[in-house]
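See structure below.
The values are calculated or read from the model by the stated rules, or taken from the named source; none is laboratory data. From a predicted model like this one, the values you see are computed outputs, not experimental measurements. For neighbour counting, all protein chains shown are included, and Cβ atoms are generated from backbone atoms with ideal geometry for every residue, glycine included. With ligands, DNA and RNA removed, areas are computed over all heavy atoms of the protein, side chains included. Shrake-Rupley method; radii C 1.70, N 1.55, O 1.52, S 1.80 Å.
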Amino acid sequence: LADSLHKKKHTRPTFTGHQIFALEKTFEQTKYLAGPERARLAYSLGMTESQVKVWFQNRRTKWRKKSALEPSSSSQRAGGSGGERAASETEDDEYNKPLDPDSDDEKIRLLLRKHR
């Protein structure tokens, strides 16, 4: 009984910008992480597997809600003139490519370093 009176209130974890960036980049590529990928990502970000799991659950919910509100947004994004592209656009394309948590460890590290 004494233990139940002195229970510590659960605090919500605060993720760093680097962690959120890596989680979002991973989410762009895959909406679901299997155990080994989740463990690898959690370890590389200094998070627990449970934190990564819950983050992905919450992010999928947000994604589904947004998808339900946007009627065929993919066809609107496909536009473009096909002309010359600025260097910054080419860099943005490289930056926005999905990352593979299994094979892009070095790229993830470089991106995280760049955004510190």
Query raised in the report: Any chance region 41-53 includes a residue that's more than 17 Å from R12 (Cα to Cα) and among the basic types (K, R)?
Result: no
Report task. Being open to solvent by less than 80 Å² (accessible area, probe 1.4 Å) and not in a helix (DSSP H, G or I) is the filter here, so list the residues in region 4-36 that pass it. Result -> P13, F15, T16, T30, K31, L33, A34
Query - Criterion violated by A39 - all others in (1) touching an Asp or Glu at 6+ places or on another chain (Cβ under 9 Å); (2) free of Cβ contacts under 8 Å to residues at least 24 places away in the same chain; (3) open to solvent by 60 Å² or more (accessible area, probe 1.4 Å) satisfied - result: (3)
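Given the criteria of a type outside the set (D, E), over 11 Å from the mean Cα position of the chain (by Cα) and modelled with pLDDT under 95, does T48 qualify? Walk me through it before giving the result.
Values: of a type outside the set (D, E): yes; over 11 Å from the mean Cα position of the chain (by Cα): yes; modelled with pLDDT under 95: yes.
Yes, satisfied.
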